Amino acid sequence: MGLRAAALHVHHGLQPDADAWVARVRAQCRRWRARGLPVDFHWRQLEGRPSPGESVEAWARRGRYAALAEMARAAGASLVLLAHHRRDQAETFLLQALRGAGPAGLAAMPRLAQRDGLTWARPWLNASDAAIDAYAHRHRLRGVEDPSNADPAFARSRLRRDVMPALRAAFPDAELALANAAQRAHEARECLGEIAAADVAAIRDADGALVVARWQALPPARAALALRAWLHEAIGRGAPQTLVQRLSRELAAAGAARWPAPGGVLERHRGRLRLVPTPAAPAAPAVALQIARAGTVDVPAWGGRLRLRRVVAGGVALARLQRCELRPRTGGERFQCAPGATPRGLKKQFQAAGVAPSARAVPLLWADGELVAVPGLGVDARARAPAGVPQVAVEWIGPAPPAAARASGRRRSPR
């Protein structure tokens, strides 16, 4: 067919054997190429860690898909094939049901989706894991079992280990039935989405505000559906069910009112409901620094500390930090993550590295009028010191240390 395959592997940095897995996949692709098969190997390692309150699963999923998209585009691929199968779909349906999800959640994983300029497909979604295992055995393909699959700390692992075997024992066709239910939920979601889009267009004004009188004219079920869809547009994500329920009860009352919502406050005024965004916190000021050695530097103006750790490669030269400056993001900054890579805006780099939005409000380290380091991303490839030069890696730590330590203003070197 004249096509090349790109094998994409993501190193999450969560398992002791993760480096060995990279080597294993690289070796397998090398053997395939030696047989004349057109396959190229690409891999990325995720940087950072989950932010406070964020689950490891959510952090890893977000970073994984960002890395897959980046590698696919770099390889010139337009189609990404994912290996989810019928058991995965059944588990996802059950997990969503246990979380109280509606049709959108119960639809589980789509077979085909367009996202990030790529087509994402799951060709095995109707295949059983037994059929896939049999194929792998017949063709002598050996896989690796991720130990986190058996870790009871994760909800999916508990479901897979304790619930699904009992369910299959009592109902042999349970897996197929749950996957079919997910397909029907997907069809229902598509229909409901079309109805909601039409109703939202009818109940909002030219400025995008929800016109309460028009919303009230809808039948109750459609009113709830339209409200949820309008809220999704207004706040940029799914609204909490508690907020939808409260608005459904209180929105029709006369007079002005306000309701707290993600990203701001919902305000009803003169028969219109609008989201008033929370004003952005004022940016911390630029802070001039003189750094002569590795250690920790308190930065009270930013409510945190700058940690500088000696490294043998990939760091910024200490000599460049004799006169440097911490600055807030102003927009337009570009960061180069690796030698030869294309410099990209910080938002894209944070997304590709899997850095949560809540962890992006960090100061940028500048020296000689150049951006040299971004906490969470590392040292800009253009600013990395050559081998043999005293150099440091840069890390930002928040919140601030105790007041007594901040007041001293001392620079502390690690032992």
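The values are calculated or read from the model by the stated rules, or taken from the named source; none is laboratory data. None of these values were measured; they are calculated from a predicted model. Cβ sites come from the backbone with ideal geometry, for glycine too, and all protein chains shown count toward neighbours.
Quick notes on this one:
- Some residue of the range 57-64 being acidic (Asp, Glu), over 17 Å from Ala177 (Cα atoms), at pLDDT below 90 and part of a helix (DSSP H, G or I): yes
- Strands (runs of 3 or more DSSP E) fully within the range 304-381 that include at least 2 residues being under 25 Å from the mean Cα position of the chain (by Cα) and at pLDDT 90 or above: 364-367, 370-374.
- Any pair with Cβ under 8 angstrom, 6 or more apart, that starts in the range 143-172 at a residue that is hydrophobic (A, V, I, L, M, F, W, C) and ends at one that is assigned to a loop (DSSP other than H, G, I, E, B): Val144/Asp17
- Hey, Ala131 under 23 Å from Gln89 (Cβ atoms), under 24 Å from the mean Cα position of the chain (by Cα) and not assigned by TED's automatic domain parsing to the domain that holds Arg258 or not: no
- Candidates Ala113, Ala97, filtered to the one that is of a type outside the set (S, T, N, Q), free of Cβ contacts under 8 Å to residues at least 40 places away in the same chain, in a strand (DSSP E or B) and out of contact with any Pro (no Cβ under 8 Å at 6 or more places or on another chain): Ala113
- Qualifying residue in the range 132-143 (condition: surrounded by 16 or more Cβ atoms within 10 Å (Cβ to Cβ) and more than 24 Å from Arg222 (Cα to Cα)): yes
- One residue from Ala136, Ala121, Ala166, Ala150 being over 30 Å from Trp230 (Cβ atoms), in contact with a Ser or Thr (Cβ under 8 Å, 6 or more places away or on another chain) and either among the hydroxyl-bearing types (Ser, Thr, Tyr) or in the same structural domain as Leu79 (by TED's automatic domain parsing) (or both): Ala150
- Qualifying positions in the range 309-360 - of a type in the set (A, V, I, L, M) and either in the same structural domain as Ala69 (by TED's automatic domain parsing) or free of Cβ contacts under 8 Å to residues at least 40 places away in the same chain (or both): Leu346
- Pairs, first on the phi > 0 side of the Ramachandran plot and assigned by TED's automatic domain parsing to the domain that holds Arg268 in the range 213-242, second surrounded by fewer than 15 Cβ atoms within 10 Å (Cβ to Cβ) and in a loop (DSSP other than H, G, I, E, B), C-beta under 9 Å, six or more apart: Gly236/Gly263
Results for (1) under 17 Å from Leu106 (Cβ atoms); (2) surrounded by 15 or more Cβ atoms within 10 Å (Cβ to Cβ), shown as yes or no for each residue.
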position	(1), (2)
Asp151	no, no
Pro165	no, no
Gln183	yes, yes
Ala198	no, no
Leu210	no, yes
Ala217	no, no
Leu231	no, yes
Arg237	no, no
Ala256	no, no
